[in-house]
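J.: Before anything else, here's the structure in question.
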């Protein structure tokens, strides 16, 4: 015999012909015409002709249906088993009644009570004959602390007429366990399900005691993330305070950071899991589990790296101070994964006497300032001391929290160090000029002059303009182009006439004049005097 029934929409309209034929092979006549949403039960015999099966259809998609049928056999014995009963805190009593279908002797029925331990082990606890109709002290046979579940099994026999004795009823009275469920209608809240890596998923999950018994101990709630690779990543569990009374609702707040979870993920919640050491007996568990999917966009944008020497972005081969303040800035567009870890950086310097570059560690002078969100920018400061003259190389490697590198190649810059304080000839540019001109020069050493004056004179030697150190703007060791631009006016603010003018530079460090450094520009100077032309 074959029994078939629909549990949900069975989509019979999409069955293949071979599947229709399979149903018809045990007697179904309605499988080809039944609607997808109509509940159906089919009970037939293998090899039976179409139409011989007992078929029941519901009048509507939500209506209950039942089927009654009789099987003729030559068996003289059989058994009936109950559903699993429990879990129970105490087994109180067992009641059952049997009726024979014939008056003659020969019918026998015995009932076994089978106990199920929490680990799934099964034991037969006691066997009752048909004379034992009411057991009022079931707890003496079944200890609920050892066997939280029971099953009843009735063995029946009729050697004469082969008519099975009929169970009129059987039931167990017991102290039931509490029952809770995740109930979204009582306050479920979800903030963000599509996020940037590093952002937070926030949930409020209502857990309701829907039974009539309180949970006497703290309720355990477990969590895990099913990541994009379908690997479960388990999170710390929580304990919800006792007591958890009938009708009470726990609003469990969950805040989850998405760092290292790119792609399509799911957060699972399991309330009072059966295998947990804190498990409390409960009637059902299927309504204690929830799954919340969320998607995380992987951070694939490279961070931006910027390096300055004494506040200046130098060019390859530039001269820098022998004691430069090196500043490394790293900025990332991600507003959630703060640049707060020194392991993201590797800094190297190769001195002229080194065969290979040497790593500079944070314990050896690197000072790290982590990012403060939402401005995701961090920095490294290094006050280097470079006693060797010659070409040096600085190499900086950096990554963000998602391991995106700061560039296709490492930051690498060659710079020159000259420990002796010198200055090249100061050249004005442009020359000739009409509206303004700036001053260009190179400084070496480790300090900038405390005195730096430029005197502009007529060709007869009359000083018409003196530009002081404070006016020139910030100076640094290396290549300088002054922020200050002279507009061709004298000390009184009057425009000077077109023509040729002379200028002279006076510089001192610690009261001493700075040595001149020769360059090709020396040919344009006579007795340390330069020439400039105003042409309006």
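J.: How do 320, 328, 80 rank when sorted from fewest to most other Cβ atoms within 10 Å of their own Cβ?
T.: Ascending Cβ contact count within 10 Å gives the list 80, 328, 320.
J.: Would you work out the Kirkwood radius for segment 184-297? I mean one over the mean of 1/r across all pairs of different Cα atoms, in Å.
T.: By the Kirkwood definition, the hydrodynamic radius is 14.9 Å.
J.: Please give the FRET efficiency for residue 535 paired with residue 355, using the beta carbon to beta carbon distance and R0 = 45 Å, rounded to the nearest 0.05.
T.: Here the calculated transfer efficiency is 0.25.
J.: Would you please give the FRET efficiency between residue 411 and residue 74, computed as 1/(1 + (r/R0)^6) with r the Cβ-Cβ distance and R0 = 56 Å, to the nearest 0.05?
T.: Working from the Cβ atoms, E equals 0.05.
J.: Would you mind calculating the gained length between residue 464 and residue 19 on full extension (0.36 nm times residue separation, minus the Cα-Cα distance), in nm to one decimal?
T.: Here the answer is 149.4 nm.
J.: Which three lengths, in whole Å and largest first, does segment 289-352 cover when its Cα atoms are put on their principal axes?
T.: 66, 18, 16
J.: Could you tell me the distance between the Cα centroids of segment 216-276 and segment 166-192, to the nearest Å?
T.: Answer, in whole Å: 19.
J.: For segment 500-523 and segment 391-415, write down the distance between their C-alpha centroids in whole Å.
T.: Centre-to-centre distance over Cα atoms comes out at 37 Å.
J.: For percent of Cα pairs over 40 Å apart, several values are listed as (i) 20; (ii) 41; (iii) 61; flag the one computed from this structure.
T.: (iii)
J.: Taking every eigenvalue of the Cα gyration tensor of segment 77-176, multiplying by 5 and rooting it, what semi-axes result, largest first, whole Å?
T.: 27, 13, 10
J.: 7 Å from Cα along Cα→Cβ at both residue 497 and residue 212: what's the point-to-point distance in nm?
T.: Modelled inter-label distance: 11.7 nm.
J.: A further question on this structure: Between residue 118 and residue 229, what length in nm is gained on full extension when 0.36 nm per residue of separation is reduced by their alpha carbon distance?
T.: The span from residue 118 to residue 229 would gain 36.7 nm if fully extended.
J.: Alpha carbons only, please: Rg and Dmax for segment 304-417, in angstrom.
T.: Answer for segment 304-417, Rg first and Dmax second: 14.1, 44 Å.
J.: Now a separate question. Each label point is 7 Å from the Cα along the Cα-to-Cβ direction; what then is the distance between the points at residue 33 and residue 89, in nm?
T.: Using points 7 Å along Cα→Cβ, the separation is 5.6 nm.
J.: Measure out, as a whole number of angstrom, how far apart the alpha-carbon centroids of segment 460-482 and segment 303-324 sit.
T.: First find each Cα centre; the distance between them is then 23 Å.
J.: Work out the P(r) tail for segment 2-57: percent of alpha carbon pairs separated by more than 15 Å, whole number.
T.: 40
Every read-out reported here was derived from the displayed coordinates using simple, explicitly stated rules and does not represent laboratory data. None of these values were measured; they are calculated from a predicted model. Neighbour counts run over all protein chains shown; Cβ positions are idealised from the backbone, glycine included.
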